[in-house]
1. All but one of (1) in contact (Cβ under 8 Å) with a residue 24 or more places away in the chain; (2) closer than 19 Å to T134 by Cβ hold for A77; which doesn't?
2. Could you please give the count of residues in the stretch 49-90 that are closer than 20 Å to L113 by Cβ, assigned to a loop (DSSP other than H, G, I, E, B), open to solvent by 20 Å² or more (accessible area, probe 1.4 Å) and of a type in the set (A, V, I, L, M, F, W, C)?
3. Select from the stretch 51-75 the residues that are β-branched (V, I, T) and at pLDDT 90 or above and write down the one among them that is farthest from D91 (Cα to Cα).
Amino acid sequence: PAVSELIILPDAVEEEILEDSLQEDILESLNYFGYDIFLNNPFANKEYLVGNIDEGYILAPGDVLRIYVFGDNTYQAEVKIDLNGNILLPDIGMFFASGYTFSSLKNRLNAFLGKSFSGLIDSPKRSFLDVSLTQLRPVKVTVLGESNTPGPHLVGGFATVLNALYAAGGIKTSGSLRNVQLFRNNKL
């Protein structure tokens, strides 16, 4: 076939066309700033490490306690608070733990176990009690809007908004990193 029209562009116009296509390639290769933070979730393959627990932390079903008695007597148990709020201490019995602060639970457990182990409530003490929280109950949060997987998600008891966003797979590029709102008890 014959060429019906041949147009030769000046060099300057040709350079502009090349620059425009190069700019488009560069723009396509650029990512939205900040959204890549959700690609590698540092919380995905780790259990929540429970650090220092506030003495005012209120215990509820799902929390796991480690109980040690040491000194003249030895006893060890790792127990989970059941749905009724009880913990079953092997060889000792049931103990109601839910709804109490961490510090009041320690005092109540000391008195309860003092009936079974001499030296816990004596003066001077010959047996000692150590109670630690090894696992926090999961909390259900609902992530709505422009997240990658909106809906309900389970996070640890001390989780932050960032942890909830990680659990939801991050924010879509159609969403805003600057407009994240937290609602608790139907209040912003």
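The values are calculated or read from the model by the stated rules, or taken from the named source; none is laboratory data. In this text the structure is predicted, and so the values were computed from the model without any measurement. So basically every Cβ, Gly included, is an ideal-geometry build from the backbone, and we count neighbours across all protein chains shown. When the accessible area is computed, the model is the full protein with side chains, heavy atoms only, and any ligands, DNA or RNA have been set aside. Shrake-Rupley method; radii C 1.70, N 1.55, O 1.52, S 1.80 Å.
1. (1)
2. 1
3. Top of the filtered list is V64.
Yes/no per residue for (1) open to solvent by less than 60 Å² (accessible area, probe 1.4 Å); (2) at pLDDT below 80; (3) part of a strand (DSSP E or B):
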position: P152; (1), (2), (3): no, no, yes
position: A159; (1), (2), (3): yes, yes, no
position: Y166; (1), (2), (3): yes, no, no
position: G169; (1), (2), (3): yes, no, no
position: V180; (1), (2), (3): no, no, no
